[in-house]
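Peer 1: Before I ask anything, here is the structure I am working with.
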Amino acid sequence: MKNTGLRSLGMSYRSGYFVNRYSLLIAFLILVTGYWLLATPAEAQLAGKITKVEGRVDILRAGAAVAVPVKMGDAVNVGDILRTKSDGKAEITFIDNTAMTVGPRSRLGIDEYLYKPDEQQRSASLKIYRGRTGFQIPKPVYSAEGSKFEMKTKTAVAGVRGTEGIIHTDGVERVYVKEGVIEFKNPLGSVIVSKGEVGEVFAGRAPVERPYSEREYQQQEKQVTPAPPGRAEAPPVDTPPPPAAPPKPPEIALQPTPPPDLPKIKDMTLNKAFTASASILDGEIQWFDPSVTGGAANDTAAVIQSGSIKGNFNQTILEGGYYNLTMDGSYAWVAGRSIDPSIVGAYNATDDWFYFFYSGSADGKPFYGASVGDIAVSNKSWSGGNIGWIEDGSKKYWYIGGLSGSYTNIFYNNNYGDRTGQSGTFSTKADGLFWDGSRPFWEVFDKIIPTLPGANPDVFVPITETAIRTFDINFNANQSLTLKDANSTGIGSVSVTSGLAGKGIELSPGSGLFDVNVKGNWSVSSGNITNVREINGTINGSTSINTSFAMSVEGGVKSINSDTAIVGAFVGESGATDKAGVMVGKMTGSTSGTFDAKAIGEIKSGFMLP
């Protein structure tokens with residue numbers, strides 16, 4: 001059976017196992033966008049109530065689009081985020097009589113709060129997004145299984161054992177212990193912080209502890225203590241805000257110097273809208289049959305022969321914005337590429353997934369991309385994702401998003417047979433975000449999301465504000481990928497450039513995202529760029545947090561002309577069947593030349609993270 005190489009974007013027949021890799025791209029798209037969404041619980045679960053309030057304080061209810069001002073006695077539920085302005089302070093008394101006092105310019109999220117004294121169980125998890133929060137926890141943590149009381153900052157977790165103190169996140173994470181004991185930890189280590197001590201976490205380092213002075217603690221305590229009830233209530237919604245608060249007093253301990261702003265894009269006009277158009281180069285509809293003797297089978301049902309892509313890109317910030325595209329095309333049975341399922345003993349084949357490559361122009365600049373997705377024959381629907389880039393000189397603007405649509409003619413629906421002469425059309429819509437490729441995508445997405453139509457910036461919590469840490473990703477020297485022809489015979493290689501490749505971000509312990517540039521030079525020993533159909537191999541590297549990794553690459557190559565080809569592949573931990581992300585890019589040259597691609601995806605414990 002002929003292997004086109006482009007099939008490796010979906011399932012591998014030759015490998016002896018079947019992994020529906022289009023679903024991994026869809027899952028990744030959900031992962032990426034999901035970090036910026038708030039979950040909506042089925043019903044509110046009471047955690048406590050507001051017992052003191054001073055100045056401007058509001059609360060963002062779980063699943064709500066707008067925050068509302070708080071007043072004495074208001075309920076606080078699991079999933080809520082309490083927010084104080086520059087003049088705001090508040091106290092929450094929880095259902096177990098724990099008291100939390102929140103200082104100005106702070107955000108406190110209630111991720112979990114379960115209290116069952118009859119069962120000797122309490123499980124609480126609070127998120128300190130920013131600012132200061134005082135705590136007084138009069139009851140010990142119960143010994144029942146699942147009991148805990150933890151407070152999470154951007155880079156550390158404070159495990160409480162019945163105590164009183166203050167937790168502060170602002171560049172350096174600190175927890176002051178006035179009474180009791182706290183375990184303060186991050187992925188690099190942990191310390192026990194006792195009465196009269198402060199635990200500290202500096203960026204990229206393990207926690208440490210030191211004694212604090214009485215004056216230092218009093219300064220912190222003053223910042224989180226609201227006025228007694230009756231002296232200061234939250235102003236009505238229409239009350240003008242008071243004058244800006246005076247500058248905060250300097251911290252006792254030195255704060256790290258914030259990094260300088262990254263350079264802005266200067267060759268695009270803010271709020272610019274521009275059109276894009278492209279032609280579909282090649283693609284396939286694939287069938288799949290899980291019931292074949294000895295395993296499962298898949299192959300080509302139809303070839304996507306032609307199509308057009310049109311739409312708009314809307315720049316909302318200097319570094320990027322959002323896009324909308326329509327994708328229409330036709331497909332047909334093509335002898336030599338389309339395979340009758342019965343040839344391999346598949347008698348219950350079903351149209352299963354699709355992919356296609358395209359190229360064109362956007363704002364007069366080269367525009368490339370690939371789409372891949374799922375087919376549901378029950379209603380002839382398509383769904384999936386697309387990813388690509390716009391070239392603006394030496395700069396690239398990458399884009400990623402989802403798509404949905406339909407097709408007119410089913411090839412297989414639990415059946416088989418030669419479909420000579422059969423054809424059909426498809427129509428899909430795609431939308432997503434685009435960003436300056438010199439920046440990690442999460443940094444730009446954090447800025448784009450609040451500018452989208454219908455967005456409410458006041459309720460948006462950037463993931464970079466709650467992340468544990470960011471780190472560099474480097475490729476080792478002498479790494480290469482194999483290039484193969486239509487018969488899966490090796491005909492060349494890509495020599496990958498070593499050194500700094502990109503960035504990673506840890507969003508929760510052992511989990512995060514990566515954005516790396518895969519660059520180098522390629523050459524073939526026989527044929528030319530039009531003969532290259534597959535790319536695969538492993539790239540080894542290391543990180544600035546002292547971890548090493550082996551990243552597998554498996555995908556296809558489609559030539560546009562005699563000196564340009566598009567590359568599309570899945571990447572992930574070497575040896576793992578579930579791939580972590582996607583890579584797209586371009587090869588230029590006839591028999592040798594440059595290789596330039598970007599890989600983005602998910603990192604997990606054991607893959608780039610400890």
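Conditions tested, residue by residue: (1) touching a Leu at 6+ places or on another chain (Cβ under 8 Å); (2) open to solvent by 20 Å² or more (accessible area, probe 1.4 Å); (3) at pLDDT 90 or above.
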{"site": "Asn413", "(1), (2), (3)": "no, yes, yes"}
{"site": "Gly421", "(1), (2), (3)": "no, yes, yes"}
{"site": "Asp431", "(1), (2), (3)": "yes, yes, yes"}
{"site": "Leu481", "(1), (2), (3)": "no, no, yes"}
{"site": "Lys484", "(1), (2), (3)": "no, yes, yes"}
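Peer 1: Quick one: Gly585 ticks every box in (1) of a type in the set (Gly, Ala, Ser); (2) in a strand (DSSP E or B); (3) more than 20 Å from the chain's Cα centre (by Cα) except a single one, so which number is it?
Peer 2: Unmet condition: (3).
Peer 1: Right, here's the next one. Find the residue count for segment 322-358, including only residues that are open to solvent by 20 Å² or more (accessible area, probe 1.4 Å) and either assigned to a loop (DSSP other than H, G, I, E, B) or under 30 Å from Asn487 (Cβ atoms) (or both).
Peer 2: Matching residues across segment 322-358 total 16.
Peer 1: Also, quick follow-up: Suppose we filter Ser548, Ser525, Ser574, Ser559 for residues that are open to solvent by 10 Å² or more (accessible area, probe 1.4 Å), among the small types (Gly, Ala, Ser) and touching a helix residue (DSSP H, G or I) at 6+ places or on another chain (Cβ under 7 Å); which single one remains?
Peer 2: Ser559
Peer 1: Out of (1) touching a residue at least 40 places away in the same chain (Cβ under 8 Å); (2) under 26 Å from the mean Cα position of the chain (by Cα), the odd one out for Met151 is which?
Peer 2: So the condition that Met151 fails would be (1).
Peer 1: Then there's this: For segment 304-318, how many residues are of a type in the set (Gly, Ala, Ser) and within 19 Å of Lys365 (Cα to Cα)? Give the derivation first.
Peer 2: The first filter runs over segment 304-318 and keeps only residues of a type in the set (Gly, Ala, Ser), leaving 306-308, 311.
Of the ones still in play, those that are also within 19 Å of Lys365 (Cα to Cα) are 308, 311.
Final tally of qualifying residues: 2.
Peer 1: Run Ile400 past the list (1) within 16 Å of Ile280 (Cβ to Cβ); (2) buried (at least 17 other Cβ atoms within 10 Å of the Cβ) and report the number of the one that doesn't hold.
Peer 2: Exception for Ile400: condition (1).
Peer 1: Those residues that are part of a strand (DSSP E or B) and aliphatic (A, V, I, L, M), I need them from segment 377-435; list them, please.
Peer 2: Answer for segment 377-435, where residues must be part of a strand (DSSP E or B) and aliphatic (A, V, I, L, M): Ile387, Ile390, Ile400, Leu403, Ala430, Leu433.
Peer 1: If a residue has to be out of contact with any helix residue (DSSP H, G or I) (no Cβ under 9 Å at 6 or more places or on another chain) and either closer than 20 Å to Thr466 by Cβ or not basic (Lys, Arg) (or both) to count, how many in segment 101-127 make the cut? Before you say what the answer is, go through the steps one by one.
Peer 2: So the first thing to find is which residues in segment 101-127 are out of contact with any helix residue (DSSP H, G or I) (no Cβ under 9 Å at 6 or more places or on another chain), and the list is 105, 108, 110-126.
Restricting the remaining residues to those that are either closer than 20 Å to Thr466 by Cβ or not basic (Lys, Arg) (or both) gives 105, 108, 110-115, 117-121, 123-126.
Residues that pass the stated criteria total 17.
Peer 1: Let me ask another. So for segment 308-317 (the condition being modelled with pLDDT of 95 or more, small (Gly, Ala, Ser) and open to solvent by less than 40 Å² (accessible area, probe 1.4 Å)), does at least one residue qualify?
Peer 2: yes
Peer 1: Residue check: is Asp374 charged (D, E, K, R), open to solvent by 30 Å² or more (accessible area, probe 1.4 Å) and under 20 Å from Ala569 (Cα atoms)?
Peer 2: yes
Peer 1: In segment 436-479, what residues are at pLDDT below 85 and acidic (Asp, Glu)?
Peer 2: Passing the criteria: Asp458, Glu465.
The values are calculated or read from the model by the stated rules, or taken from the named source; none is laboratory data. Bear in mind that the values here come from a model prediction, so they are computed numbers and not experimental data. Every residue, glycine among them, receives a Cβ derived from its backbone with ideal geometry; neighbour counts consider all protein chains shown. Surface areas here come from the heavy atoms of the whole protein model, side chains and all, with no ligands, DNA or RNA. Shrake-Rupley method; radii C 1.70, N 1.55, O 1.52, S 1.80 Å.
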